[in-house]
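The structure appears right after this line, and notes come after that.
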Amino acid sequence: MATAPDLSGAGRDAREPPPPRGGPLAWVRRNLFSSWANAAATAVVGLALAWLLPRAVAWLFLRAVYAPDYDACRALDYRAACWGFVAEKHRLILFGRYPFAEQWRPLAATALFVAALALSAHPRAWRRWLAPAWLPVVAAFFLLLRGGVLGLAPVDPSAWGGLPLTIVLTALVVAASIPLGIVLALGRRSRMPLVRGLSTLYIELVRGVPLITVLFVASFLFPLLLPAGLRLDALARVAVGMTFFQAAYMAEVVRGGLQALPRGQGEAAEALGLSWWKVQRRVILPQALVLVIPSFVNSLLSTFLDTSLVTVVSIYDLTGSLRLALGDPQWRNFFLEGYLFVGAIYFASCLAMSRYSHWLERHLGRWARA
Amino acid sequence: MGDPIIEFRRVNKWFGRYHVLRDIDLTVGRGERIVVCGPSGSGKSTLIRCVNRLEEHQQGTLIVDGVELTDDRRSVERIRREVGMVFQQFNLFPHLTVLQNVALGPIEVLKVPRAEAEARAREQLQRVRVGDQAAKFPGQLSGGQQQRVAIARALCMQPRIMLFDEPTSALDPEMVKEVLDAMLDLAGQGMTMVVVTHEMGFARSVADRVIFMDHGRIVEQNAPREFFAHPENERTRDFLAKVLPR
């Protein structure tokens, strides 16, 4: 019997690879000044940065006013940032119109929610009990916000707003649209013509509608269609609308992963006698879903940012509550600082999600690099 | 030849308008070892893929282990439990370790408890001499090792019939022998085997019967000694002249 080849690649007379050439100076020459054109580009970009960076740092930080002092900010005459606006209004921006004295509640609820998200992020937590474990978290989140129990003053959902809304809306929409998208993707590849037709129709129909339209329909048309007596509040209607919207895109993302697998995978599993569902669950989806993590994150980020559209139906998410804050005539000229502040929050969140997805891709795709 | 375990009766199949299987009549006895050969596109793979219904036949009757193959999912899944298959491209599941690959069928289909299924899987891996690779992922194995794992995966279901679809065609020449050896072992233990292959040496030493197909028909079938020494059909002679070393 033939012996297996040595796959580690280290035969008896294997040698070390040559050391990298030169030091940092050689690196600079090779990468920044390798030709006249390259050197010219380096010079132009370098000069632009040399001009811009000190000014930006001075405007943003060095000469900026940090205290919520309106007169000091006026005196700047826009030659430096007035973070005083953010200092003055940060609670309105972060929590919207939620009653000022009760804002510890959305803070605690959001902290709980984000902590639960972080704990669920590791694949080791992806067990059967994860979904049921989330029920009390979601319930606690909404109970804290809504109040009316345990001596908490009731707060109407129309007063909720800011970052907690952005986070919970994104999480619920993504969590609900992924399974829905998987079902639609499997449906679109089904051998049953009716299932395939309906899935395709749904996906194409929904993808042909702008999100704004979905939001208007969800908040103004839904209530008219619902049977009398059944009332869903605006937030729930918008969450449901966005879920159905996102699911269509998720479906196509998942389908991309399904198409990428060789046919032999399904055949080998079928040949073992696995039922259709088990073939999908044990063999097809675990591979397809890892393949589409980058596109999943695309959808996640766009959902996160798209939640800012809910302001058109009078729900004040993070951007919406910034606009509330800018409604103060005294401070309204400092919108740039406000948008920078909110932008920084969006950017940091997106960066964190993106880094996490890279890690997840490597962690789950270990077999692909093996 | 024992009692029949696979019976094709005037089976026909088309891919679109292409007539890929034509009036196939074939009976395989229990414990019989059959080698199917023929030029590419002659329908050999389609023939054996009909046996576990990876392909559906459109006309005629196909009976496997006493069950007629129809659209009924239950009978199809029952047959698949009895019939193991080894593919040209191995088709191991890359996201599962070697051990998980082999134990998957018993756990999910036969409902064997995990510990017992894994013990059984290790046994099968030993049998094809890749016991020491159990914890690796398929991508870390050579082609020959992967194909032996695929054989172990099929055997772990304790099938009554084993189908091989060109099991050595995707292998580097130096690895062909280790896979053929594993198949020889199996043949020695009385397994019913239907093997599509161009390995005429294997056909000569193992097969009870060699079947030659061309254009979707079984053109000739005979015991290997007769088949190779006195091929009756012109096309068989042509084919053998091309594949046999002189």
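Selection of first residues in the stretch B:110-132 that are open to solvent by less than 60 Å² (accessible area, probe 1.4 Å) and of second residues that are assigned to a loop (DSSP other than H, G, I, E, B) and not polar (S, T, N, Q), restricted to Cβ pairs under 6 Å at least 6 apart or on distinct chains, gives the following pairs, ordered by first then second residue: B:Arg120/B:Cys156; B:Ala121/B:Cys156; B:Gln124/B:Cys156; B:Leu125/B:Ala134.
Listed by position, the helices (runs of 4 or more DSSP H) inside the stretch A:61-132 whose residues that are over 19 Å from A:Gln330 (Cβ atoms) and at pLDDT 85 or above number at least 1 are A:84-95, A:104-120.
For the structure I just gave you, tell me whether A:Leu261 is within 12 Å of another protein chain (Cβ to nearest Cβ), in contact (Cβ under 8 Å) with a residue 40 or more places away in the chain and surrounded by fewer than 22 Cβ atoms within 10 Å (Cβ to Cβ).
Spelling it out, it is not the case that A:Leu261 is within 12 Å of another protein chain (Cβ to nearest Cβ), in contact (Cβ under 8 Å) with a residue 40 or more places away in the chain and surrounded by fewer than 22 Cβ atoms within 10 Å (Cβ to Cβ).
Note on the stretch A:89-142: residues that are surrounded by 14 or more Cβ atoms within 10 Å (Cβ to Cβ), of a type in the set (Lys, Arg) and over 30 Å from A:Tyr70 (Cβ atoms) total 0. Going residue by residue through the stretch B:99-109, is there one that turns out to be more than 19 Å from A:Gln287 (Cα to Cα), open to solvent by less than 40 Å² (accessible area, probe 1.4 Å) and either touching a Phe, Trp or Tyr at 6+ places or on another chain (Cβ under 6 Å) or in a loop (DSSP other than H, G, I, E, B) (or both)? Yes, there is a match, as at least one residue in the stretch B:99-109 is more than 19 Å from A:Gln287 (Cα to Cα), open to solvent by less than 40 Å² (accessible area, probe 1.4 Å) and either touching a Phe, Trp or Tyr at 6+ places or on another chain (Cβ under 6 Å) or in a loop (DSSP other than H, G, I, E, B) (or both). When the residues of the stretch B:76-85 are filtered to those that are charged (D, E, K, R) and in contact (Cβ under 8 Å) with a residue 40 or more places away in the chain, the one that is farthest from the other protein chains (Cβ to nearest Cβ) is B:Glu82. Residue-level analysis places B:Arg73 among those that are open to solvent by 20 Å² or more (accessible area, probe 1.4 Å), out of contact with any Lys or Arg (no Cβ under 9 Å at 6 or more places or on another chain) and within 14 Å of another protein chain (Cβ to nearest Cβ).
In the stretch B:13-26, of all residues being in contact (Cβ under 8 Å) with a residue 24 or more places away in the chain and not hydrophobic (A, V, I, L, M, F, W, C), the one that is surrounded by the fewest Cβ atoms within 10 Å (Cβ to Cβ) corresponds to B:Asp25. The number of residues in the stretch A:143-155 that are open to solvent by 40 Å² or more (accessible area, probe 1.4 Å) and part of a loop (DSSP other than H, G, I, E, B) comes to 6.
Return yes when B:Gln88 is open to solvent by 10 Å² or more (accessible area, probe 1.4 Å) and either more than 9 Å from every other protein chain (Cβ to nearest Cβ) or farther than 24 Å from B:Glu178 by Cβ (or both) and no when it is not. Criteria not met by B:Gln88.
The set of residues in the stretch B:128-150 that are within 10 Å of chain A (Cβ to nearest Cβ) and part of a loop (DSSP other than H, G, I, E, B) comprises B:Arg129, B:Val130, B:Lys136, B:Phe137, B:Leu141, B:Ser142.
Being among the hydroxyl-bearing types (Ser, Thr, Tyr), within 14 Å of chain A (Cβ to nearest Cβ) and not in a loop (DSSP other than H, G, I, E, B) holds for only one residue in B:Thr61, B:Thr27, B:Thr46, and it is B:Thr46.
Taking the stated definitions as given, is B:Gly105 of a type in the set (Gly, Ala, Ser), within 23 Å of A:Leu261 (Cβ to Cβ) and at the interface with another protein chain (Cβ under 10 Å from one of its Cβ atoms)? When the stated conditions are applied, B:Gly105 passes them. The single condition among (1) over 31 Å from the mean Cα position of the chain (by Cα); (2) in a helix (DSSP H, G or I) that A:Val57 does not satisfy is (1). Looking only at residues in the stretch A:297-323 that are open to solvent by 50 Å² or more (accessible area, probe 1.4 Å) and not hydroxyl-bearing (Ser, Thr, Tyr), the one that is nearest to A:Ala81 (Cα to Cα) is A:Arg323. Among the candidates A:Leu289, A:Leu326, A:Leu318, the residue that is of a type outside the set (Gly, Ala, Ser) and within 14 Å of chain B (Cβ to nearest Cβ) is uniquely A:Leu289. When the stretch B:151-192 is filtered for residues that are over 16 Å from B:Ile34 (Cα atoms), open to solvent by 50 Å² or more (accessible area, probe 1.4 Å) and not in a loop (DSSP other than H, G, I, E, B), the ones remaining, listed by number, are B:Pro173, B:Glu174, B:Lys177.
The values are calculated or read from the model by the stated rules, or taken from the named source; none is laboratory data. Predicted model, so just to flag it, every value in this text is computed and none were measured. When we count neighbours, we look across all protein chains shown, and the Cβ atoms used for this are built from the backbone with ideal geometry, even at glycine. Quick note on the areas: whole protein, heavy atoms, side chains included, nothing else; ligands and nucleic acids left out. Shrake-Rupley method; radii C 1.70, N 1.55, O 1.52, S 1.80 Å.
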